[in-house]
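The values are calculated or read from the model by the stated rules, or taken from the named source; none is laboratory data. All values derive from a computational prediction rather than experimental measurement. Here Cβ is always computed from backbone atoms with ideal geometry, including for glycine, and neighbour counts include all displayed protein chains. Side chains included, ligands, DNA and RNA excluded: accessible areas come from the protein's heavy atoms. Shrake-Rupley method; radii C 1.70, N 1.55, O 1.52, S 1.80 Å.
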Amino acid sequence: MAKRVAVVLAGCGVFDGTELHEASAVLVHLSRAGAQAELYAPNIPQMHVVDHVKGQPTPEQRNVLVESARIARGNIKDLATLDVKGLDALIIPGGFGVAKNLSTWATQGKNCSVSKEVEGVLRAFHAAHKPIGLCCISPVLAAKIFPGCEVTVGHDTECEQWPYAKTAEAMKELGCKHINSQVSEVHVDTRNLLVTTSAFMCNAPIHHIHDGVGNMVREVLRLA
């Protein structure tokens, strides 16, 4: 039987939704491994819409589920319908939508809240001892919900290669353990069955990002 993996999206586009290259890499690596991806997104308004040419918010209003359907080629379900019993693992790609639509990390940092639906799904997989894969900014969800967990978002010292390293410091303040890693590496928290990798938290060639996401997917499937 093929392993069934829930992939939760947060919209479509790095600045206001899911990072498309990360989502694509997740789906490609799941397919290559013979796993079945089942895509979900919350049926909620986006925090805002960003013009990705100008890098600035626009007056538009968009829906997270409707926008996520662009990545899913229309084959997506409302997150409210997700049933952990029929699934083997969970993966949440990154992108600012995680910090804007799935949580309030973008505006509140470590004092953020995670949406009730998203928190419920994470807790359900955790309670069922089923692995959770998180990349880029999405490990902040675990840091907020599972105190004491081990995660990586790359490095904790800001530089040109690691422009978002302050995220690691904020996660440490939440009581989790941050593990420094390279972009192609993953960290596995065997106690909490969390698999994390930095992805676009690093300024790296896209194929290195793809390799890191692939290693995350392989570890998730190994644990499933």
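This table checks each residue for (1) more than 28 Å from GLY154 (Cβ to Cβ); (2) of a type in the set (Lys, Arg).
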| site | (1), (2) |
| --- | --- |
| ARG4 | yes, yes |
| SER24 | no, no |
| LEU27 | no, no |
| GLU60 | yes, no |
| VAL64 | no, no |
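Within region 188-200, how many residues are open to solvent by 10 Å² or more (accessible area, probe 1.4 Å) and under 10 Å from GLY154 (Cα atoms)?
As a first pass, look at region 188-200 and keep what is open to solvent by 10 Å² or more (accessible area, probe 1.4 Å): 188, 190-193, 200.
Restricting the remaining residues to those that are under 10 Å from GLY154 (Cα atoms) gives 200.
Counting residues in region 188-200 that are open to solvent by 10 Å² or more (accessible area, probe 1.4 Å) and under 10 Å from GLY154 (Cα atoms) gives 1.
Identify the residue in region 112-130 that is out of contact with any strand residue (DSSP E or B) (no Cβ under 8 Å at 6 or more places or on another chain) and in a loop (DSSP other than H, G, I, E, B) and, among all such residues, is least open to solvent (accessible area, probe 1.4 Å).
Taking region 112-130 first, the residues out of contact with any strand residue (DSSP E or B) (no Cβ under 8 Å at 6 or more places or on another chain) are 116-117, 119-120, 123-124, 127-129.
Filter again for in a loop (DSSP other than H, G, I, E, B), leaving 128-129.
Working: ALA128: 42, HIS129: 142 Å².
Top of the filtered list is ALA128.
State yes or no: is GLY109 surrounded by 19 or more Cβ atoms within 10 Å (Cβ to Cβ) and at positive phi? Step through it out loud before you land on a result.
On the way: surrounded by 19 or more Cβ atoms within 10 Å (Cβ to Cβ): no; at positive phi: yes.
It is false that GLY109 is surrounded by 19 or more Cβ atoms within 10 Å (Cβ to Cβ) and at positive phi.
For region 66-84, give me each residue that is under 21 Å from SER31 (Cα atoms) and part of a helix (DSSP H, G or I).
Within region 66-84, SER68, ALA69, ARG70, ILE71, VAL84 meet the criteria.
For region 182-212, name all the residues that are touching a strand residue (DSSP E or B) at 6+ places or on another chain (Cβ under 6 Å) and either hydroxyl-bearing (Ser, Thr, Tyr) or not in a loop (DSSP other than H, G, I, E, B) (or both). Before the answer, list the steps.
First, pick out the residues of region 182-212 that are touching a strand residue (DSSP E or B) at 6+ places or on another chain (Cβ under 6 Å): 186-189, 194-197, 199, 212.
Within region 182-212, HIS187, VAL188, ASP189, LEU194, VAL195, THR196, THR197, ALA199, GLY212 qualify.
Scan (1) touching a residue at least 12 places away in the same chain (Cβ under 8 Å); (2) farther than 20 Å from GLU150 by Cα for the single condition ILE91 breaks and write down its number.
(2)
Is it the case, given these coordinates, that GLY97 is within 15 Å of THR18 (Cβ to Cβ) and at pLDDT 95 or above? Give the derivation first.
Working: within 15 Å of THR18 (Cβ to Cβ): yes; at pLDDT 95 or above: yes.
Against the criterion (within 15 Å of THR18 (Cβ to Cβ) and at pLDDT 95 or above), GLY97 qualifies.
How many of the residues making up region 1-43 are of a type in the set (A, V, I, L, M) and not in a helix (DSSP H, G or I)? Spell out the reasoning first.
Of all residues in region 1-43, those of a type in the set (A, V, I, L, M) come to 1-2, 5-10, 14, 20, 23, 25-28, 30, 33, 35, 37, 39, 41.
From what is left, the residues that are not in a helix (DSSP H, G or I) are 1-2, 5-10, 14, 33, 35, 37, 39, 41.
So the answer is 14.
Restricting the search to region 123-139, which residues are closer than 23 Å to ILE209 by Cβ and out of contact with any Gly (no Cβ under 9 Å at 6 or more places or on another chain)? If you could, list the steps in order and put the result at the bottom.
Within region 123-139, the subset closer than 23 Å to ILE209 by Cβ is 131-139.
Across region 123-139, the qualifying residues are PRO131, ILE132, GLY133.
If ALA72 satisfies all but one of (1) touching a helix residue (DSSP H, G or I) at 6+ places or on another chain (Cβ under 8 Å); (2) hydrophobic (A, V, I, L, M, F, W, C); (3) touching a residue at least 60 places away in the same chain (Cβ under 8 Å), what's the number of the condition it fails?
(1)
Filter region 85-106 down to residues that are surrounded by 19 or more Cβ atoms within 10 Å (Cβ to Cβ) and in a helix (DSSP H, G or I) and give me whichever is nearest to the chain's Cα centre (by Cα).
First, pick out the residues of region 85-106 that are surrounded by 19 or more Cβ atoms within 10 Å (Cβ to Cβ): 87-103, 105.
Filter once more, keeping what is in a helix (DSSP H, G or I): 96-100, 105.
Values: PHE96: 10, GLY97: 9, VAL98: 7, ALA99: 10, LYS100: 12, TRP105: 13 Å.
Residue satisfying both the conditions and the ranking: VAL98.
Return yes when GLY133 is assigned to a loop (DSSP other than H, G, I, E, B) and in contact (Cβ under 8 Å) with a residue 24 or more places away in the chain and no when it is not. Walk me through it before giving the result.
Numbers: assigned to a loop (DSSP other than H, G, I, E, B): no; in contact (Cβ under 8 Å) with a residue 24 or more places away in the chain: yes.
Judged against the criteria, GLY133 is not a match.
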